[in-house]
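J.: Pasting a structure here, questions to come.
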Amino acid sequence: MGKDSKSKEAKGKGKQAGGGSDESASKGKGKAGKGDGLGTCTYVKARHILCEKQGKINEAYKKLQDGWLSNGDKVPPAEFAKIAQEYSECPSGKKGGDLGWFPRGKMAGPFQEVAFNTVVGATSAPFKSTHGYHIILCEGRKN
């Protein structure tokens, strides 16, 4: 019964799109909880690294792993920005990969999915979109 109630087919309003175990997300409308609010927020603040080649994004991710992730630490935004400046092929790379605040529906498919389902302060694993390979650092979420 528990798994069916968290179906990944919640397409209607985009809530709980990534599944997960945050039951409070389906109760409050994203305003009440101090929880992660995955799948319920309207805006996300993020940085990213974009590379055309998988090998290059893997190099960037290895730097993040060696410096922080393999120890269970969060990547400080300033350090993520340095790696974005070094590796990212997106124009935002010059600004440390800073995308600022963006609303649900602005970014394409997989990018939006990962951005809106990454916990604040967490770094995503590399993933592919139509633009290339990305790593996202989620810096904030709001309604």
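J.: Using mean Cβ contacts within 10 Å as the protection proxy, how do 105-113, 66-74 order, highest first?
T.: Descending mean neighbour count gives 105-113, 66-74.
J.: Give the long-range amide H neighbours of Arg141: residues separated by 5 or more places, or on another chain, with amide H under 5 Å away, using H modelled in the peptide plane at 1.01 Å from N.
T.: For Arg141, the qualifying residues are Lys45.
J.: What is the percent carbon and sulfur in the accessible area of the range 43-142, measuring with a 1.4 Å probe over the protein chains and ignoring ligands?
T.: Percent of accessible area from carbon and sulfur atoms in the range 43-142: 52.
J.: A further question on this structure: According to the Cα gyration tensor, what semi-axes, each the square root of 5 times an eigenvalue, does the equivalent ellipsoid of the range 43-142 have, listed from largest to smallest in whole Å?
T.: The three semi-axes for the range 43-142 are 18, 16, 12 Å.
J.: Could you list which residues have their amide H under 5 Å from that of Thr40, counting only those 5 or more apart in sequence or on another chain, with H placed in the peptide plane?
T.: Amide H neighbours of Thr40: Gln16.
J.: What ³J(HN,Hα) values, in whole Hz, does the Karplus curve 6.51 cos²θ - 1.76 cosθ + 1.60 give for the range 40-47 when θ = phi - 60°, with x put for Gly and Pro?
T.: Result, rounded to whole Hz: 10, 6, 9, 10, 10, 10, 8, 10.
J.: Considering amide H positions built from the backbone, and no H for Pro or chain starts, which residues 5 or more places from Asp98, or on another chain, come under 5 Å of its amide H?
T.: Those qualifying (amide H under 5 Å, at least 5 residues apart or on another chain) are His48.
The values are calculated or read from the model by the stated rules, or taken from the named source; none is laboratory data. What you see is a predicted model, and the numbers here were worked out from it, not measured in a lab. Using ideal geometry, Cβ is built from the backbone for each residue, glycine included, and neighbour counts are taken over all protein chains shown. The area values use the complete protein model at the heavy-atom level, side chains included, leaving out ligands, DNA and RNA. Shrake-Rupley method; radii C 1.70, N 1.55, O 1.52, S 1.80 Å.
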